[in-house]
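A short worksheet on the structure shown next.
The values are calculated or read from the model by the stated rules, or taken from the named source; none is laboratory data. Remember, it's a predicted structure, so these values are computed and weren't measured experimentally. Here the Cβ is made from the backbone with ideal geometry for all residues, glycine too, and neighbour counts use every protein chain on show. For the accessible areas, the whole protein counts, side chains as well, though only heavy atoms, and no ligand, DNA or RNA atoms are used. Shrake-Rupley method; radii C 1.70, N 1.55, O 1.52, S 1.80 Å.
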Amino acid sequence: MKLRLGLGSCGIAAGGLQVLEALQNEMKSRGIKLEIQKSGCIGLCHHEPLLDWIEDDGQVFTYGAVDARRSVEILEAHLAGRGPLEDCLVSSSDEPAKYLQQQLRIVLKNCGRIDPESIEDYRRQDGYSALQKVLIGMSPEEVIKEIEVSGLRGRGGAGFLTGLKWKATREAASEGRYLICNADEGDPGAFMDRSILEGDPHAVLEGMIIAAYAIGAEQGIIYCRAEYPLAVKRLEIAIVQAQENGLLGKKILGHNFSFDISIQQGAGAFVCGEETALMASLEGERGMPRLKPPYPSEYGLWGQPSSINNVETLANVPWIIRNGGEAFAALGSKESKGTKVFALAGKIKRGGLVEVPMGITLREIIFGICGGIKAERRIKAVQMGGPSGGCIPEELLDTPVDYQSLNATGAIMGSGGMVVLDESSCMVDLARFFLDFTQKESCGKCVQCRIGTKRMLEILERICRGAGREGDIELLEELSAHISENSLCGLGQSAPNPVLTTIRYFRDEYEAHIREKKCPAKQCQELLRYSIDPNRCMGCGLCAYACPAECIKGGENNQPYYIEQENCSKCGACLDICPERFAAVILD
Amino acid sequence: MHFCGKKNRSEETNFFEVQLDLSALMKIIEEKRHEKGSLIAILQKAQEIYGYLPLSVLKCIARELEIKPAKVYGIATFYTQFRLQAAGKYQILLCQGTACHVNGSERIESTLCQELKIKRGETTPDGLFSLESAACLGCCSLAPVMMINGQAYGPLTAEKAVTIIRKIKAGESLSLVGGEAQ
Ligand SMILES: Cc1cc2nc3c(=O)[nH]c(=O)nc-3n(C[C@H](O)[C@H](O)[C@H](O)COP(=O)(O)O)c2cc1C
Ligand code: SF4
Ligand code: SF4
Ligand code: FES
Ligand code: FES
């Protein structure tokens with residue numbers, strides 16, 4: 001018997017450490033010794049904190065939303081043979097949660113199942129056997145061939161064929177080469193790379209070592225976001241373990257191949273996810289992209305040929321080597337092979353990580369696996385690809401998730417972040433939100449990107465403020481065309497996407513803001529109007545008490561209250577506080 | 001990267017020289033001097049030591065590495081991680097990523113600003129809290145999220161956020177009273 005506790009970033013945020021402490025205290029006071037295994041993210045993030053009870057025969061009972069008290073009850077019940085406790089059981093070996101059952105896990109296979117700080121745990125799951133296979137019986141060319149057969153495409157956004165990238169790097173004439181792992185995951189709303197690094201760091205290392213062997217690199221660098229301290233810590237531990245086990249360093253496993261890995265932390269710039277900016281940052285410069293070609297495969301870090309691969313891309317590599325490229329190519333759709341991890345967030349009922357074969361539809365993911373929308377509302381759209389992507393409206397939810405089909409909608413696969421939106425999300429506000437992001441993150445090199453996004457943001461801000469003008473939509477479209485055409489890197493080129501897709505599918509919302517000065521989703525604060533229905537107001541005065549602007553007047557002699565509109569700051573406090581049975585505050 | 005950002009300008013007005021013990025910094029520089037491209041790593045270490053990057057630190061790095069102070073300053077202002085002003089004892093990092101945005105993070109920001117009487121990027125006069133924003137802390141399924149000194153909190157409501165802040169404040173004033181009593 002043992003216990004397993006999910007201690008990824010979100011598990012810790014949800015209170016995982018308090019659970020750990022409670023369990024340790026309880027066991028101490030009872031004088032029992034049970035192993036508490038610490039694991040990473042299993043992807044059931046909506047149920048955090050997660051606690052597993054594992055029987056000796058391998059049966060697993062997974063409990064969700066556990067707190068300190070609950071965890072002790074679970075422990076007691078199982079020890080006394082009264083388990084499992086049905087009411088907070090979310091999944092078990094006999095009856096796996098539908099959420100997990102419908103997934104196909106290659107990259108996330110070990111996440112949440114093994115202790116990420118233990119190399120033995122990883123080894124027990126066939127870990128490092130792919131590396132052994134490569135070193136014993138495969139030439140670098142054969143490794144590249146296998147990856148080419150698999151059809152693996154980069155998961156960092158652009159979807160470039162990984163085999164081709166490796167081949168080009170290997171064939172570039174040079175003494176030294178670099179392998180760089182891009183762990184800068186900047187798309188706000190995507191967290192799959194973080195979960196892989198926190199939950200199964202050795203898989204990424206194994207992928208890197210194999211990649212280095214294939215391209216002929218002796219040095220590897222992981223460029224990781226500074227916002228992911230736990231991922232950095234687990235990577236550091238994993239690297240030391242790999243070094244101690246002869247998997248990194250000189251003459252790996254006794255073969256004539258040497259490779260080592262260091263970690264460089266990013267310093268908070270989204271544009272550094274772009275490969276040439278990332279290399280500039282590694283060289284200690286400002287992270288500004290440069291013109292391609294020359295591509296990094298010819299002229300990369302310090303002028304040497306370099307292959308830059310995303311975390312998830314690399315985590316696929318060991319599986320492909322173990323099972324063969326053909327097996328991988330058999331999964332997914334014609335042009336998009338294998339599986340993809342998606343991070344679901346927003347108004348979704350069961351948010352978390354989902355790994356599915358490419359080619360299944362958005363609807364299957366959002367409704368089939370994740371249970372649809374949180375409250376009793378209707379889904380409106382799903383945002384994919386973050387600031388470079390776009391919004392896919394409800395009508396198009398039957399679009400399969402593969403590179404081509406998603407591009408056709410105007411959105412992109414991107415890194416796989418999916419933010420689900422319901423009727424209460426304003427699409428103009430969302431476009432403004434993304435432009436605000438890209439505008440701040442532009443490195444400033446290209447005029448169109450630097451100033452164009454600023455102008456677009458100003459227009460969107462005035463539309464959200466109710467000061468939009470006739471012709472603003474067309475102006476936005478015109479600016480978009482200029483910016484995409486004249487920007488150097490992907491950031492500028494794709495910055496208009498969120499605006500263009502929302503105009504394409506939700507033009508009526510833009511028009512309502514501009515012509516009627518109304519926000520249909522009731523999100524744009526300055527277009528809201530709060531009032532009190534005199535027939536419903538019972539004169540309790542709670543709203544007048546809560547109003548920070550002190551603009552709710554009336555109430556003498558049990559008269560109804562009213563709002564002085566000129567001073568109202570539209571904070572919504574009155575609406576929140578008015579007792580439900582009166583519901584006298586109206587928002588329109 | 002904030003081209004006409006007010007943030008940088010207000011930073012500059014507070015950008016006076018402070019007398020600091022630079023020996024810890026010198027040790028870092030000695031270690032990294034011969035590594036190529038180590039400027040960002042040195043700045044990160046310096047910020048770990050001093051909590052922020054005072055002018056004297058930037059100047060010292062420029063002098064030791066024999067590069068122009070303008071270059072060091074350029075890097076320090078390009079990357080959002082670097083701060084030129086001392087941070088509060090409690091650094092509040094409010095997530096403004098997509099998932100948090102659609103779940104109402106703006107309202108939480110305005111509530112926090114009201115509660116602390118500061119704007120984003122500022123520190124309270126007592127030096128207790130500073131408020132900053134981040135684009136995604138990676139706990140999107142708990143949106144909206146904030147992190148205080150590395151500890152994440154979520155899902156937040158405006159009320160919850162205020163309660164957390166007030167709890168910290170209460171704890172601080174308690175420890176002060178305790179200190180005086182001794
Ligand atoms: C503005 C911008 C941001 C990017 N951010 C990331 C990122 O955070 N992570 C990532 O893996 N790739 C990112 N990319 C893509 C990289 O440039 C590059 O294509 C990728 O790392 C290559 O790895 P892959 O072939 O394995 O996908 C970004 C690109 C652009 C233009
Ligand atoms: S497009 Fe924007 S982010 Fe990219 S290089 Fe040009 S200015 Fe910099
Ligand atoms: S919305 Fe806010 S400011 Fe306006 S009346 Fe209600 S409580 Fe007062
Ligand atoms: S971090 Fe724990 S399930 Fe996501
Ligand atoms: S968007 Fe806030 S944690 Fe990801």
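Residues in the stretch B:93-108 that are more than 9 Å from every other protein chain (Cβ to nearest Cβ) and more than 22 Å from B:I168 (Cα to Cα): B:G104 alone.
You will find that of A:G154, A:G186, the residue that is within 14 Å of chain B (Cβ to nearest Cβ), within 28 Å of A:G268 (Cβ to Cβ) and within 12 Å of ligand 1 (Cβ to nearest atom) is A:G186 and no other.
Go through the residues of the stretch B:85-92 one by one and say whether even a single one is closer than 24 Å to A:G43 by Cβ and of a type in the set (S, T, Y). For the stretch B:85-92, residues closer than 24 Å to A:G43 by Cβ and of a type in the set (S, T, Y): absent.
Mind checking whether some residue in the stretch A:508-516 is surrounded by fewer than 19 Cβ atoms within 10 Å (Cβ to Cβ), in the same structural domain as A:Q448 (by TED's automatic domain parsing), modelled with pLDDT of 95 or more and closer than 30 Å to A:K292 by Cα? The answer is no, given that none of the residues of the stretch A:508-516 is surrounded by fewer than 19 Cβ atoms within 10 Å (Cβ to Cβ), in the same structural domain as A:Q448 (by TED's automatic domain parsing), modelled with pLDDT of 95 or more and closer than 30 Å to A:K292 by Cα. Evaluate the following for A:E55: is it more than 14 Å from chain B (Cβ to nearest Cβ) and more than 16 Å from ligand 3 (Cβ to nearest atom)? For A:E55, the condition - more than 14 Å from chain B (Cβ to nearest Cβ) and more than 16 Å from ligand 3 (Cβ to nearest atom) - is met.
Annotation note: of A:P229, A:P188, the sole residue that is at pLDDT below 95 and within 15 Å of ligand 4 (Cβ to nearest atom) is A:P229. Among the residues making up the stretch B:121-137, those that are away from ligand 5 (no atom under 15 Å from the Cβ) and touching a Lys or Arg at 6+ places or on another chain (Cβ under 8 Å) are B:G121, B:T124, B:G127, B:L128, B:F129, B:L131. Scanning the stretch A:359-387 for residues that are closer than 17 Å to A:D187 by Cα, in contact with a Phe, Trp or Tyr (Cβ under 9 Å, 6 or more places away or on another chain) and among the small types (G, A, S) yields one hit, A:G386. Would you call A:L197 open to solvent by less than 10 Å² (accessible area, probe 1.4 Å), modelled with pLDDT of 95 or more and within 14 Å of chain B (Cβ to nearest Cβ)? So A:L197 passes the test. Considering only residues that are within 19 Å of the chain's Cα centre (by Cα) and under 12 Å from A:S425 (Cβ atoms), look in the stretch A:375-395 and name the one that is surrounded by the most Cβ atoms within 10 Å (Cβ to Cβ). Selected residue: A:Q383.
Taking residues in the stretch A:322-345 that are part of a strand (DSSP E or B) and more than 16 Å from ligand 5 (Cβ to nearest atom), and partners anywhere that are modelled with pLDDT of 95 or more and hydroxyl-bearing (S, T, Y), the pairs with Cβ atoms closer than 8 Å and at least 6 places apart or on different chains are A:G332/A:T339; A:K337/A:S150. Would you confirm, using the coordinates I've provided, whether A:T313 is within 16 Å of ligand 1 (Cβ to nearest atom) and among the polar types (S, T, N, Q)? The answer is yes for A:T313.
I need the full set of residues from the stretch A:414-431 which are more than 9 Å from chain B (Cβ to nearest Cβ) and surrounded by fewer than 24 Cβ atoms within 10 Å (Cβ to Cβ), in order please.
Once the filter is applied, which keeps residues that are more than 9 Å from chain B (Cβ to nearest Cβ) and surrounded by fewer than 24 Cβ atoms within 10 Å (Cβ to Cβ), the stretch A:414-431 yields only A:E423.
What are the pairs with Cβ atoms under 6 angstrom where one residue, in the stretch B:75-92, is more than 9 Å from chain A (Cβ to nearest Cβ) and the other, located anywhere, is open to solvent by less than 10 Å² (accessible area, probe 1.4 Å) and not hydrophobic (A, V, I, L, M, F, W, C)? Sequence gap at least six, or different chains. Going by the 6 Å Cβ cut-off, the qualifying pairs are B:A87/B:S130; B:G88/B:S130; B:Q91/B:S130. Evaluate the stretch A:447-461: report whether one residue or more is within 16 Å of ligand 1 (Cβ to nearest atom), at the interface with chain B (Cβ under 9 Å from one of its Cβ atoms), open to solvent by 20 Å² or more (accessible area, probe 1.4 Å) and out of contact with any strand residue (DSSP E or B) (no Cβ under 8 Å at 6 or more places or on another chain). Yes, there is a match, as at least one residue in the stretch A:447-461 is within 16 Å of ligand 1 (Cβ to nearest atom), at the interface with chain B (Cβ under 9 Å from one of its Cβ atoms), open to solvent by 20 Å² or more (accessible area, probe 1.4 Å) and out of contact with any strand residue (DSSP E or B) (no Cβ under 8 Å at 6 or more places or on another chain). Of the helices (runs of 4 or more DSSP H) lying entirely inside the stretch B:26-132, those containing at least 1 residues that are buried (at least 18 other Cβ atoms within 10 Å of the Cβ), aliphatic (A, V, I, L, M) and not assigned by TED's automatic domain parsing to the domain that holds B:K160 are B:39-50, B:55-65, B:69-78.
For A:R170, are the conditions met, namely being open to solvent by 30 Å² or more (accessible area, probe 1.4 Å) and either more than 16 Å from ligand 3 (Cβ to nearest atom) or of a type outside the set (F, W, Y) (or both)? When the stated conditions are applied, A:R170 passes them. Just one of the listed residues (A:A65, A:A22) is in contact with an Asp or Glu (Cβ under 9 Å, 6 or more places away or on another chain), away from chain B (no Cβ under 14 Å) and either of a type outside the set (D, E, K, R) or within 16 Å of ligand 5 (Cβ to nearest atom) (or both), and it is A:A22.
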